[in-house]
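**Student:** Sharing a structure, written as structure tokens. Questions coming.
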4 protein chains.
Amino acid sequence: MASSSSLPDIQATGDSRGIAINQVGVSDLRYPIQVLDRYSQPFTTVAKISMSVHLPHHFKGTHMSRFLEVLSTHEGEVTMRTLPQILRDLKQRLDAEEAHIEVAFTYFINKQAPVSGAAAKVGFDVIFHGISRATCDDFTLSVKVPVTTLCPCSKEISDYGAHNQRGYITLEVRPKAKDGSWEMILIEDLISIAEQSGSAPVYALLKRTDERFVTMQAYNHPVFVEDVVRNAAALLQADARVASFKVSAVNHESIHDHNAFATVIGGDDT
Amino acid sequence: MASSSSLPDIQATGDSRGIAINQVGVSDLRYPIQVLDRYSQPFTTVAKISMSVHLPHHFKGTHMSRFLEVLSTHEGEVTMRTLPQILRDLKQRLDAEEAHIEVAFTYFINKQAPVSGAAAKVGFDVIFHGISRATCDDFTLSVKVPVTTLCPCSKEISDYGAHNQRGYITLEVRPKAKDGSWEMILIEDLISIAEQSGSAPVYALLKRTDERFVTMQAYNHPVFVEDVVRNAAALLQADARVASFKVSAVNHESIHDHNAFATVIGGDDT
Amino acid sequence: MASSSSLPDIQATGDSRGIAINQVGVSDLRYPIQVLDRYSQPFTTVAKISMSVHLPHHFKGTHMSRFLEVLSTHEGEVTMRTLPQILRDLKQRLDAEEAHIEVAFTYFINKQAPVSGAAAKVGFDVIFHGISRATCDDFTLSVKVPVTTLCPCSKEISDYGAHNQRGYITLEVRPKAKDGSWEMILIEDLISIAEQSGSAPVYALLKRTDERFVTMQAYNHPVFVEDVVRNAAALLQADARVASFKVSAVNHESIHDHNAFATVIGGDDT
Amino acid sequence: MASSSSLPDIQATGDSRGIAINQVGVSDLRYPIQVLDRYSQPFTTVAKISMSVHLPHHFKGTHMSRFLEVLSTHEGEVTMRTLPQILRDLKQRLDAEEAHIEVAFTYFINKQAPVSGAAAKVGFDVIFHGISRATCDDFTLSVKVPVTTLCPCSKEISDYGAHNQRGYITLEVRPKAKDGSWEMILIEDLISIAEQSGSAPVYALLKRTDERFVTMQAYNHPVFVEDVVRNAAALLQADARVASFKVSAVNHESIHDHNAFATVIGGDDT
């Protein structure tokens, strides 16, 4: 039976086209990972992962299996604290000057209804995105938060009622560097900012008293998609831990079959 | 260069496992097709098509390329009037006793706003599904219609406002047989039934006077997802052209990140 | 502040349209659940859940929040052994004669490469589907398994090479009733059947010696999509624990931008 | 009945948060459009469109319905020649200094099989992306092309066979400015570059002689995902009409359930 060492290593041969590759790696890889909740307790979730490296112009190919080997040694914990080590391992194992990782997963919060206090879990799409370059590292945390939005125009021009809908606010935040790592921003911090920026939060479990509460809460706090991104941007601008951010909001308009959206980019990068 | 006749035909060899295959064919095939609008005018749209045949236990395989050959001769017109001929061609060309075709496409209606009359197009997901068996043919028409739904409970228990959201009503209808074909049911007929079953229709283009109108229209016609399917089922039950139907409704609840849904099956088959 | 008891219960009012609703409930609900692995060890994964009940014609609506309440008490364990209890709870809590639950989640297996033994996890889409009716319960287990398939025709007619691709085999199996429950069929049992039915299994991590092995394994075991479903159907027919089944296979053809598919239905129901 | 002029215009009121909005508009709008084929013949297809404008900090909101009004006057033809006019209309109608439009649609080519000459249509995902700023306009054309890729490593290390799979190459190209517009680059030009960069093109309809041809063609032209992006990048670098480009390739690996991908960015921007 062939051993690895006796088989030719095509990837390691040279390439003469003179074209470096910005990113090469694996994507759409599903993997169970452990993340930490706000109390630093680990919980298991399912991630979709992509990992890649920069490939200099003179190498023909990268060694895809090594991405899996690195991941497999780190599945115990994937957080903004361990990402730098994973990136260092990728760079070393793949002999690369630059490595990227993107880890998208569902994060759950046990959320209590606003009046009855009845609890059930709500899931949020979270993405950790890390890059390690020769001279600097980069990290962004992205959280997508469902909210209710109620249209101020519809409320103002109608004798009663107002169209409202589910909207999604995505906060993509780059923390400031601190002590060789980054300022700690909790997923819950971003969820809180997003929920303050819409007309009302959404819940998994609402009893009738709760439904009355959120219906009137939304009617009392109408927001355009423009207001949503400005509200969130103002809160992120005021947050000393945030270096830069991108806020996106999309409303699944209840009176249309298309969406309304808005985006604000802010912070150091702009 | 090899000609087809000189190459072995593996598919045509025998199989001894004794297992007939209910359906074998191609799926997820994108193809431009012509459909007819309500005035019998052709218009071009993009379809996702699957075609399949029954394979008797003694044949090893079917000839996949022949599905494409049949489609390619019929792209000029795909309607509930031409589907029987396509199915007959599939049976003959693939030497099969049973053939299936499913054609999913977007159908557009130029829709006028209710007050201003401003017009823009709204797209609807439509599926033609045809089966030709040895002794009988089958056809269903499915149309998915976006609507606004406003919650009766939220309206009743709140001092003001009511949560509402985009919902989708899917009507899957089997017409009665008539004169060797089927009763003609227009896509527009099903859109109309669905739009009567929600709180208000949705539009692509609404000016402020229209927005005021649909906001109050929805508030005046609150419906649970249960009401939506019952309203549509009652209209389909009363339609003499309909042999059987399945009505599904899903509300993208604005106060939750999950959906509410309901299904009613009715007619001859139940 | 309003208490639930003082608010009108619109859902509990009557309905005079005379139309019973086959299914009404919640869908697309993301929730963390615990399932058991083959060694009965619990592990946490993320599920997409739908739950519904039958609604008699004389009730206006169901109480959606109760689905969440039942789920919230059962999140500790969702397996084919606990599903009957969840369904009983749904029937009781929602005062219904029939309840449905569908739990779709990703199941992971730590898979060793065939030569090097290097290990990494592969994810499989699994669906538990349970129905509890007045007189009988129903349960199906569905597992979707990625495999390599290599085309026998391409191999036979070409001087060298053969087109191959990733395919997905979905086995949907209804176990036989046994002792008031069902015969135990492990997720791993169905994965094994599917992997025997393609040209070669797929892995997350393959070193070069492994890649050589699976390349030649696939070339030595060419299968049409028809062979795939027949192979799996034959194994399920011979399994004394299986009451009925549906086998589907889809090949993401490497020489086309559409797919080839096949379906066999077998067992008691056919 | 209320006329528009008598209803308050909330969007036009002021905002004091001091936050300009980078993009606000509509997205996920399905619309039938006419594009031109390589012979300048119009054909109808279905597009998914997003349109947006920059909103200065002192305006509360934009007027979403005006996006639809502009679109509705331009549905006759959406091409790289008419996009500038649509963008100018958006800027004028929405009183904005910057406008964006993204039009994603399926483009079809009638493709002849390489030996038999049998013809059927293959669909390609195309995106037109235009931005009109105060001082300069921007345009990119993106085409996603399915191909076959065959692994050079698998071929080299195995005694026979080689794993291959469907891959997708996406070329996103910014043409050079020319005479107040841009250099004309045909969709077919990019398809051709992509198809030269993989192991073999894919087709909708292949007879056995064709299948033999493409099987051996792929085996004779093995490419890593790294080779694919380098091949395409080299062709784009040599094209005098191209100002800058991004080449992405993703292989749906037949031996894994995840993908391999690579990206090269090139041209003036880098």
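The values are calculated or read from the model by the stated rules, or taken from the named source; none is laboratory data. Predicted model, so just to flag it, every value in this text is computed and none were measured. Counting neighbours? That spans all protein chains shown, and the Cβs are built from the backbone with ideal geometry, glycine included. Note: accessible area is taken over every heavy atom of the protein model, side chains too, but ligands, DNA and RNA are not part of it. Shrake-Rupley method; radii C 1.70, N 1.55, O 1.52, S 1.80 Å.
**Student:** Among the candidates A:Lys111, A:Lys48, A:Lys91, single out the residue that is under 30 Å from C:Ser6 (Cα atoms), in contact (Cβ under 8 Å) with a residue 24 or more places away in the chain and among the basic types (Lys, Arg).
**Tutor:** After ruling out the rest, the residue left standing is A:Lys111.
**Student:** Please tell me if D:Leu71 is touching a Ser or Thr at 6+ places or on another chain (Cβ under 8 Å) and crowded, with 17+ Cβ neighbours inside 10 Å.
**Tutor:** no
**Student:** Would you call C:Arg241 more than 7 Å from every other protein chain (Cβ to nearest Cβ), of a type in the set (Lys, Arg) and under 23 Å from C:Phe108 (Cα atoms)?
**Tutor:** Judged against the criteria, C:Arg241 is not a match.
**Student:** How many residues does region A:210-220 hold that are within 8 Å of chain B (Cβ to nearest Cβ) and out of contact with any Gly (no Cβ under 9 Å at 6 or more places or on another chain)?
**Tutor:** 3
**Student:** Can you name the residue in region C:1-52 that is facing chain A (nearest Cβ under 9 Å) and part of a loop (DSSP other than H, G, I, E, B) and is also surrounded by the most Cβ atoms within 10 Å (Cβ to Cβ) among such residues?
**Tutor:** Only one residue tops the list, namely C:Leu7.
**Student:** Which of the following residues is among the hydroxyl-bearing types (Ser, Thr, Tyr), more than 27 Å from the chain's Cα centre (by Cα) and surrounded by 21 or more Cβ atoms within 10 Å (Cβ to Cβ): A:Tyr219, A:Tyr203, A:Tyr160?
**Tutor:** A:Tyr219
**Student:** Would you call C:Ile101 under 14 Å from the mean Cα position of the chain (by Cα) and within 21 Å of C:Lys48 (Cα to Cα)?
**Tutor:** Yes.
**Student:** Could you count how many residues in region D:120-137 are in contact with a strand residue (DSSP E or B) (Cβ under 6 Å, 6 or more places away or on another chain) and either within 14 Å of D:Ala47 (Cβ to Cβ) or open to solvent by 30 Å² or more (accessible area, probe 1.4 Å) (or both)?
**Tutor:** 9
**Student:** From the list B:Val228, B:Val214, B:Val247, which one is under 28 Å from A:Ala120 (Cβ atoms) and β-branched (Val, Ile, Thr)?
**Tutor:** After applying the criteria, what remains is B:Val228.
**Student:** Still on this structure: Could we say that B:His57 is in contact with a Gly (Cβ under 6 Å, 6 or more places away or on another chain) and modelled with pLDDT under 95 here?
**Tutor:** Judged against the criteria, B:His57 is a match.
Per-residue answers, yes or no, for (1) of a type in the set (Ser, Thr, Tyr); (2) over 17 Å from B:Ala262 (Cα atoms):
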site: B:Leu150; (1), (2): no, no
site: B:Ser154; (1), (2): yes, yes
site: B:Tyr160; (1), (2): yes, yes
site: B:His163; (1), (2): no, yes
site: B:Tyr168; (1), (2): yes, no
site: B:Arg174; (1), (2): no, yes
site: B:Asp189; (1), (2): no, yes
site: B:Ile193; (1), (2): no, no
site: B:Ser197; (1), (2): yes, no
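**Student:** For a quick check of your reading of the model, give me the residue pairs whose first member lies in region A:118-137 and is touching a residue at least 24 places away in the same chain (Cβ under 8 Å) and within 14 Å of chain C (Cβ to nearest Cβ), whose second is of a type in the set (S, T, N, Q) and open to solvent by 20 Å² or more (accessible area, probe 1.4 Å), with beta-carbon atoms closer than 6 Å and at least 6 apart or on different chains.
**Tutor:** A:Ala119/A:Asn110; A:Ala119/A:Gln112; A:Ala120/C:Ser72; A:Lys121/A:Asn110
**Student:** While we're here: Only residues that are away from chain C (no Cβ under 14 Å), free of Cβ contacts under 8 Å to residues at least 60 places away in the same chain and either farther than 30 Å from D:Ala177 by Cβ or open to solvent by less than 20 Å² (accessible area, probe 1.4 Å) (or both): list them for region D:244-270, please.
**Tutor:** D:Phe261, D:Ala262, D:Thr263, D:Val264, D:Gly266
**Student:** Suppose we filter A:Ser72, A:Ser40, A:Ser50, A:Ser65 for residues that are among the hydroxyl-bearing types (Ser, Thr, Tyr) and under 23 Å from A:Pro8 (Cα atoms); which single one remains?
**Tutor:** None of the others qualify; the one that does is A:Ser65.
**Student:** Considering D:Asp179, D:Asp159, which residue is farther than 27 Å from C:Ile255 by Cβ, out of contact with any strand residue (DSSP E or B) (no Cβ under 8 Å at 6 or more places or on another chain), free of Cβ contacts under 8 Å to residues at least 40 places away in the same chain and not hydroxyl-bearing (Ser, Thr, Tyr)?
**Tutor:** When all the criteria are applied, what remains is D:Asp179.
**Student:** Looking at (1) within 19 Å of A:Arg208 (Cβ to Cβ); (2) touching a Phe, Trp or Tyr at 6+ places or on another chain (Cβ under 8 Å), which is the one condition that is false for C:Thr45?
**Tutor:** (1)
**Student:** What's the total number of residues in region A:72-96 that are closer than 21 Å to C:Ala118 by Cβ and among the aliphatic types (A, V, I, L, M)?
**Tutor:** So the count comes out to 5.
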